[in-house]
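Beneath this line is the structure, given in structure tokens, with notes to follow.
The values are calculated or read from the model by the stated rules, or taken from the named source; none is laboratory data. Since we're looking at a predicted model, the values are computed, not measured. Ideal geometry is used to build each Cβ from the backbone, glycine not excepted, and the neighbour counts take in all protein chains shown. Surface areas here come from the heavy atoms of the whole protein model, side chains and all, with no ligands, DNA or RNA. Shrake-Rupley method; radii C 1.70, N 1.55, O 1.52, S 1.80 Å.
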Amino acid sequence: SLCGMLILAFTNIIQMKSLRITRSDAVFIMIAGVLGIAFYQVLLNLAIDLTNGVICAVITALIPAMCLITDIGIFKRSLNLFSFISILLSFIGVLMIVSLSGLGELHPGGYLMIFAANSVWIYYCYFNSRRPISATSSVFLFYQLVGCTIVLTPYMLINPLKVSVLADADVMWRLAYLVFLHGLLVYVLFIYAVRVLGVVVTNISVNLIPI
């Protein structure tokens, strides 16, 4: 989070783009980042530890359906044939994984964690797609990572990384991947996508990864 925040700040300065927004907007954006990035990743990893990646993939595949229910129930949007077929197709990718790997061990706590992760992710998606705040995706992600850094700093102080670990070239390559691709590029593109395509279609597209 800290590395990503500094990189975004640097790139915006180079491009002469302002990171300035109102204090109230910054607070709401940081809260969304804490929930949708920090809490989501923590809950998802806890769920994987308690169950396995296959179970988590199956339950995560419910996100488009949960988003569609939110659209219909809260935002009063009608169900169309495209959304229904797309959600059906997205489940095929998950079923392919299940058929190859099986579900493995069941754990109630793991289910609780993954459904909690789904819930905070859905909030994060709708916040990014329906926000009235005028700011670019990179500025939004910058403040979201500020919130994540504030929340995760105490954990890092309690559990600091060992210098010997950072000296490992393989570890550094993995960290670089997480920072530049997973931590920055993916989230910037996702925030942009939910604004243009909507929450349901964007999450359906993510579910097509297994296929």
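Here Phe84 sits with roughly 110 square angstrom of accessible surface, probe radius 1.4 Å.
Determine, for each peptide in 55-67, 19-31, 111-123, the mean count of other beta carbons within 10 angstrom over its residues, then list the peptides with the highest first. It would help to have the intermediate numbers written out before the result.
Values: 55-67: 20.9, 19-31: 14.4, 111-123: 19.2.
The most tightly packed comes first, giving 55-67, 111-123, 19-31.
For the stretch 120-129, putting each phi into the Karplus relation 6.51 cos²θ - 1.76 cosθ + 1.60 with θ = phi - 60° gives couplings of 5, 5, 5, 4, 4, 5, 5, 4, 6, 7 Hz, in residue order, rounded to whole numbers and with x for Gly and Pro.
Between Met172 and Ile74, take the C-beta separation as r, use R0 = 41 Å, and let me know the FRET efficiency to the nearest 0.05. It would help to have the intermediate numbers written out before the result.
Details: r = 44 Å, r/R0 = 1.07.
In this case the efficiency is close to 0.40.
Accessible surface comparison of Val42, Val201, probe 1.4 Å, protein chains only, largest first: the order is Val42, Val201.
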